[in-house]
1. Counting alpha carbon pairs within less than 8 Å and at least 6 residues apart, what relative contact order, in whole percent, applies to the stretch 1-121?
2. How much of the DSSP beta bridge set in the chain is antiparallel, as a percent to the nearest 5?
3. Relative contact order of the chain, please, whole-number percent, based on alpha carbon pairs below 8 angstrom and at least 6 residues apart.
4. Just reorder K204, K104 by solvent-accessible area, largest first, 1.4 Å probe, all chains present.
5. Give the long-range amide H neighbours of L102: residues separated by 5 or more places, or on another chain, with amide H under 5 Å away, using H modelled in the peptide plane at 1.01 Å from N.
6. Find which of H48, P59, A89 sits farthest along the positive direction of the dipole of the stretch 27-156, computed with +1 on the beta-carbon of Lys and Arg, -1 on that of Asp and Glu, about the Cα centre.
7. What are the lysines whose alpha-carbon lies under 30 Å from the alpha-carbon of K25, with same-chain residues fewer than 8 places away excluded?
8. Report the charge-dipole magnitude of the chain in Debye, nearest 20, computed about the Cα centre from +1 at each Lys and Arg Cβ and -1 at each Asp and Glu Cβ.
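The values are calculated or read from the model by the stated rules, or taken from the named source; none is laboratory data. No experiment lies behind these values; they were computed from the predicted model shown. For neighbour counting, all protein chains shown are included, and Cβ atoms are generated from backbone atoms with ideal geometry for every residue, glycine included. Surface areas here come from the heavy atoms of the whole protein model, side chains and all, with no ligands, DNA or RNA. Shrake-Rupley method; radii C 1.70, N 1.55, O 1.52, S 1.80 Å.
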Amino acid sequence: MNPSARILVVEDDAPIAAGIVRGLKLAGFQVALATDGVLVLEMAEREHPDLVVLDLNLPGQDGFELLEAWRFRLRVPVIVLTARQELEARLRSFGLGAVDYLPKPFWMEELVARIRTRLLLQEERPRRVLQWDDVSLDLDAREASREGTGALPFTRHEFDVLAYLAERPGRALTRAQIAQHALPPSEERDDRTVDSHIARIRKKLGPAGACIQTSWGIGYRFVPDEEPR
C-alpha cells in the first residue's frame, strides 16, 4: 500500500473533522479536508485523492448527490462515515457506489483499518486501460496517448466525456446522459456544451476521432474499428 496515500475527508462538523484529520495524519496519510458539499466535487478532481471519507449530511449538497456525481468521474473508493444508521441510507449509499459504510460514533482505529484495506484492494486491481486504433486511454492514470504522438492534451472534462463514451462502445448516448455523467454541476450542461467537447475530442484524436459517431436525433456513440480491450 502507498504509505503516503492521499485521503479526502468531507465533513462539516468541525470537531469531528479535526479528529479525523489528526487521526489519519498520525496513521501516515496525506489528508485534505472539505466542509461544504457545493465545491467538493471540483476539489476532489483537483486533489486526486486515493480514497474519500464522506459524511452524508452536508450543507449545500448532500452526500447522496456527491456519490451520484462521483459515480462515473471520480473513480476512487468512497467510505461513507455518517450518523445515519438506517438501512435505507446504507443501501442507497452502496447503490450509488460507496465501497464501505461506517456509522458514527466510530473508533478511529477501525476507520484507519478500513481505509488501509480498501487501498490494498485498489492496488491489487488490474489497471483499466482501453485501446483502439493507435490510441491508449488509461482510466486510472487519467492519461490518453497516441502511438508516435505521445500524450494527448485533453482537459479534465474532455477526458471524462471520452472515457464515458469509450466504456460504453456501441451504445447511443444522449447529450443529457453525457452531460449528467461526465460534466460537473458547475459546468454548463446544454447540448451545445456537449457538442463543443465532442468536437475538440475528435480533433485531438486525429483520424481515431472517427470512432465517435453522431447518432442523429439522439447524441453520440463510440464505435472504434476494434473493440476497446
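1. Numbers: 195 pairs, mean separation 29.4, N = 121.
Value for the stretch 1-121: 24 percent.
2. So the antiparallel bridges in the chain amount to around 50 percent.
3. 15 percent
4. K204, K104
5. Here V80, L81, T82 satisfy the definition.
6. The residue sitting farthest along the positive end of the dipole is A89.
7. Cross-link targets: K104.
8. Details: 31 positive and 36 negative charges, 62 e Å.
Its charge dipole is roughly 300 debye.
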